[in-house]
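Down below is the structure, laid out as structure tokens.
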Amino acid sequence: MSDRDDPGVIGRRVQQLRVERGLTQKQLAEPAYTPAYISTLESGRVRPSDDALRHLAERLGVGFDELATGRSARLVTELRLRLTGAQRTLATGATDSATDAAAEAFASVLAEAEENGLTAEQAAALLGLGECGLVTGELELGRRYFERAERALADAPLPARVPALRGRAVSHYLGGELRYAVYLLESTLDELNRGGLHDPDALLLLYASVIGPYMDMGAQARAAQAAELALALAPQAGDPELVARMHRSVARTLLAEGRVAEADASLAKAAELYRQLQIRTELANCHWMRGYVCAQNGELERAESELRLALDMLAAKRAALYSSQVAVELADVLHRRGKSEEAASLLHGVLSDFTAERGALHSAAAHRLLGIIAEDARDTDAAEEHYVRALSLLERAGAAGDLADLCRLLGDLLRRTGRVEAALDAYRTGLGHRTAPGTTTLGPAPAQPPL
């Protein structure tokens with residue numbers, strides 16, 4: 001083992017365990033080795049082979065890893081049990097306090113994993129803390145945790161690093177850095193697909209995550225394609241929460257009986273199911289995208305149904321920021337279906353979830369739509385106020401394509417109210433953004449998996 005302790009440390013560990021169990025060197029050595037070999041080993045003058053360590057571990061009643069590294073197999077399993085508990089709290093909790101409790105549990109596991117040099121458990125805890133950051137909107141903090149998880153998994157295969165990469169990309173996206181988020185997600189997809197690493201779970205996570213940035217950048221065709229690929233890859237599980245809960249209960253029983261390896265296997269299944277529960281939040285984005293496409297095609301009834309489904313899925317997972325973003329799209333469909341009062345109520349209800357750093361583009365979209373609704377109601381002052389607020393948000397986010405459209409709306413409003421010069425200024429501003437180079441251009445689409 002590359003992380004095995006040095007011979008002196010192993011020798012002292014063997015001697016301590018032998019004395020604790022009341023064994024002589026002769027009893028420990030039999031039948032494969034001599035007392036002299038045990039004496040030499042305990043003094044640290046010989047590096048034991050794997051076969052020797054397995055013999056000694058069996059005689060001493062400990063695991064091979066524990067004897068070689070000092071890490072208790074039971075400790076590892078207990079840490080994983082706590083990890084799945086935190087994952088369950090994060091995946092199914094419905095309150096801010098649940099997220100706080102999950103974060104505390106992940107931090108506790110991280111501290112013990114670091115103390116014992118358990119890289120896989122460190123990475124899992126860091127990923128959990130990063131996800132907590134995304135849920136609470138602490139994007140910079142979450143991003144740092146994802147970066148630490150990437151460093152911890154630097155030697156792991158790419159599919160194992162995908163959750164950390166995806167987390168970092170989403171934190172950039174929610175912070176308004178659309179292009180960099182798309183670059184991270186697309187380059188990872190390309191590397192997976194071109195390298196033949198067609199891991200369904202990794203691909204699902206990436207395709208589901210890239211939908212939001214695509215939509216905000218106006219790349220609807222790519223967003224629609226990503227949504228269909230994600231839905232095709234989606235795992236089919238009846239009720240993963242119930243199955244995961246069963247596996248955790250079984251693991252506790254097995255651990256109490258000393259059946260550590262079997263407990264570990266049950267925990268692995270539980271962890272996978274909790275991960276699927278979190279992916280369900282991502283899959284809501286796919287229904288969001290379908291609703292958007294239906295709206296663009298004029299299928300407003302179906303669009304409303306898909307968007308309401310997405311909103312229900314996200315609300316169930318208390319993903320407030322994503323819920324608010326979908327609510328803006330749903331409000332647009334409701335307005336187009338003649339339900340403007342319901343649309344306005346929905347928009348006013350979600351605006352408090354956005355800030356200039358957190359959801360600025362959708363906050364701008366909400367103000368834009370409220371402006372249109374106000375215009376329809378002949379309330380030009382309110383319409384102008386919403387348009388100006390949207391303009392300020394879009395300028396800070398650098399969303400040039402949306403700015404051009406908003407400047408047209410504002411210009412039209414100003415022209416109708418007799419302020420021709422101000423209208424011309426708004427039009428000129430919009431034309432400047434419309435002609436800005438590179439505002440909507442994406443590179444080649446990533447390679448696709450063989451479905």
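Of note:
- Every condition in (1) modelled with pLDDT under 85; (2) part of a helix (DSSP H, G or I) is met by Val14 except one, and the failing one is (1).
- Filter pass, Gln15 being surrounded by 15 or more Cβ atoms within 10 Å (Cβ to Cβ) and touching a Pro at 6+ places or on another chain (Cβ under 8 Å): no
- Within segment 190-205, considering residues that are outside any loop (DSSP other than H, G, I, E, B) and over 14 Å from Leu229 (Cβ atoms), the one modelled with the highest pLDDT: Glu191
- Some residue of segment 434-443 being at pLDDT below 90, crowded, with 16+ Cβ neighbours inside 10 Å and in a helix (DSSP H, G or I): yes
- Candidate set from segment 88-114 (those that are at pLDDT below 85 and of a type outside the set (Ser, Thr, Tyr)); member that is nearest to Ser266 (Cα to Cα): Arg88
- Scanning segment 183-216 for residues that are touching a residue at least 24 places away in the same chain (Cβ under 8 Å) and among the hydroxyl-bearing types (Ser, Thr, Tyr) yields Ser187, Thr188, Tyr207, Ser209, Tyr214.
- Pairs where the first residue, in segment 301-330, is on the phi < 0 side of the Ramachandran plot and modelled with pLDDT of 85 or more and the second is acidic (Asp, Glu) and part of a helix (DSSP H, G or I), C-beta under 6 Å, 6+ apart: Leu307/Glu329
- Only one entry of Glu112, Glu121, Glu150 meets the criterion of being touching a Leu at 6+ places or on another chain (Cβ under 7 Å), surrounded by 22 or more Cβ atoms within 10 Å (Cβ to Cβ) and acidic (Asp, Glu), and that entry is Glu121.
- Applying a threshold of 7 Å to beta carbon distances and a minimum spacing of six or more residues, or different chains, the list of pairs starting in segment 167-182 at a residue that is more than 18 Å from Arg148 (Cα to Cα) and ending at one that is surrounded by fewer than 22 Cβ atoms within 10 Å (Cβ to Cβ) and of a type in the set (Lys, Arg) reads Leu174/Arg358.
Every residue, every condition in (1) hydroxyl-bearing (Ser, Thr, Tyr); (2) at pLDDT 85 or above; (3) in a loop (DSSP other than H, G, I, E, B); (4) within 33 Å of the chain's Cα centre (by Cα), yes or no:
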residue: Glu341; (1), (2), (3), (4): no, yes, no, no
residue: His348; (1), (2), (3), (4): no, yes, no, yes
residue: Leu351; (1), (2), (3), (4): no, no, no, yes
residue: His362; (1), (2), (3), (4): no, no, no, yes
residue: Leu406; (1), (2), (3), (4): no, no, no, yes
residue: Leu413; (1), (2), (3), (4): no, yes, no, no
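The values are calculated or read from the model by the stated rules, or taken from the named source; none is laboratory data. Values in this document were obtained by computation on a predicted structure and should not be read as measured data. Glycine gets a Cβ as well: all are built from the backbone with ideal geometry, and neighbour counts include every protein chain shown.
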